[in-house]
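The structure under discussion appears below in the form of structure tokens.
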Amino acid sequence: MVSVPATDEVALKRRGFTLALLTAAYFFSYMDRQILAILQEDIRRDLLLSDTQLGLLAGFAFAIFYATLGLPVARLADRGNRVNIIAIALALWSGMTAVCGLAQNFVQLLLARIGVGIGEAGSSPPSHSIIADLYPPEKRAGAMGIYSLGVVLGAAGGTMIGGTLAHFYGWRVAMFAVGVPGILLAVLIKLFVVEPRRGLSDPTQSAASHGDMPAFGEGFRSLFANRAAVHLVMGVTITSLIGYGHTAFGPSFMIRSMNLDKLQIASIVAPVGAVAGTLSAVGGGWLANWAAARWGLHTQAWLVLAMKAVGLPLSFLFFASSDPWVGVPIYWVSIILVNSYLGPTFALIQGLAPLRMRALWAAVTLLVINLIGLGLGPTLIGVISDALKPTFGVESLRWAMLTFAAATPWALFHYWRAGVWLKRRGA
């Protein structure tokens, strides 16, 4: 039997490798989730779908299972082996992504997407919990920033790989190609990731890891009783509502309103966007750690506010542009500013969470984010676009995207209030 100190030493020695593997899993999660965006114009023509149906596939139909099943998975993660949960979930959603390529109609594709959502429910809550156990509070935002690379790189990877393969071989082959490799990654995670002891990087709280498991309702009550956490959840939810809507229909917008094709988006727009997103995630996490060390943790919330406020006018300019060689560079710059929020936000929430509720708090946060953000974001964009078609024709999607961007100040208010409450707590 391996002693606890020896296990702790191995877990900490491998924490960089563990973070890399968890980030890779998050990459596959987001790639499998967002590949629909670059393929949906082909799918729309092949299966004769409306924008509303496309929005449902990318949004609510996927999110309802992804979000709600995250709660029991998080409960299991707070008491069981998190590595096993992640490996099983990754194999499931990867397989279901490949199955999407077999769909012959809307209902079949809908059911396959639901399967992807069910699998992906087992990814983020246990991953957040493992990262929080491996990295102390002063380094957590940076680690979460690296983990959040899965979002930007996964979306870019899905666009690049999916768009290129769809251009040459069709959208069904693209689905198979991004689904199957995730099963191999699941095996690597099972073989090489060490389950860390709970509270390993929070020695002053480690005794709490041996207490009784808190009641399920207590997790909800404890989060929503914490005003800083509530404002963080609201801020990230509204930001995600806007982001998921824009991401789901971004390639369609560029195709319809900027006259780009799938291969141009896959080979030019997405690769540079991936670099910009990487700078945003890693740079945002580094800046958040630096700001916290200099002025306190509360400044991480205000840093998110400042960067998104500066990026908002650039988003408006991008969606108002018809010239891709003017609009797309503006889009690349905006990514650096507006995509830096995930690492600091999730790090702050994990820092506020009681030790035995970290996965549960992550799941509650993701439940709200995904039901409202992922569920409603793409769906509402599709509904608004269809509603505006009689007036604006092919430009209806542009106005739907601009409408969503205009909701950003609401998110900024909550990040400001989160910083206020964190400062009052002495953070």
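Overview of values
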quantity: Residue list for region 394-427, filter: out of contact with any helix residue (DSSP H, G or I) (no Cβ under 7 Å at 6 or more places or on another chain), on the phi < 0 side of the Ramachandran plot and not charged (D, E, K, R); calculated: ALA406, PRO409, PHE413, VAL420
quantity: Criterion (more than 22 Å from the chain's Cα centre (by Cα) and surrounded by 24 or more Cβ atoms within 10 Å (Cβ to Cβ)) met by exactly one of LEU422, LEU388; calculated: LEU422
quantity: Elements of type helices (runs of 4 or more DSSP H) in region 42-99, at least 1 residues being over 19 Å from the mean Cα position of the chain (by Cα); calculated: 51-58, 70-77
quantity: Pair list, Cβ < 6 Å and 6+ apart or interchain, from region 163-181 residues that are farther than 20 Å from PRO271 by Cβ to residues that are outside any helix (DSSP H, G or I); calculated: ARG172/GLY101; MET175/GLY101; PHE176/GLY101
quantity: Which numbered condition GLY122 misses (of (1) free of Cβ contacts under 8 Å to residues at least 60 places away in the same chain; (2) of a type outside the set (Val, Ile, Thr); (3) surrounded by fewer than 24 Cβ atoms within 10 Å (Cβ to Cβ)); calculated: (3)
quantity: Those residues of region 25-36 which are closer than 17 Å to PHE106 by Cβ and of a type in the set (Gly, Ala, Ser), in sequence order; calculated: none
quantity: Hits in region 277-290 - residues which are buried (at least 20 other Cβ atoms within 10 Å of the Cβ) and either among the hydrophobic types (A, V, I, L, M, F, W, C) or not in a helix (DSSP H, G or I) (or both); calculated: ALA281, LEU287, ALA288
quantity: Selection within region 21-35 - farther than 30 Å from ALA11 by Cβ and either of a type outside the set (A, V, I, L, M, F, W, C) or touching a Cys at 6+ places or on another chain (Cβ under 8 Å) (or both); calculated: GLN34
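Values quoted throughout were computed directly from the atomic coordinates according to the rules given, and no laboratory measurement underlies them. On a predicted model such as this, the values are computed, not experimentally measured, just so you know. Positions of Cβ are backbone-derived with ideal geometry, glycine not excepted, and every protein chain shown enters the neighbour counts.
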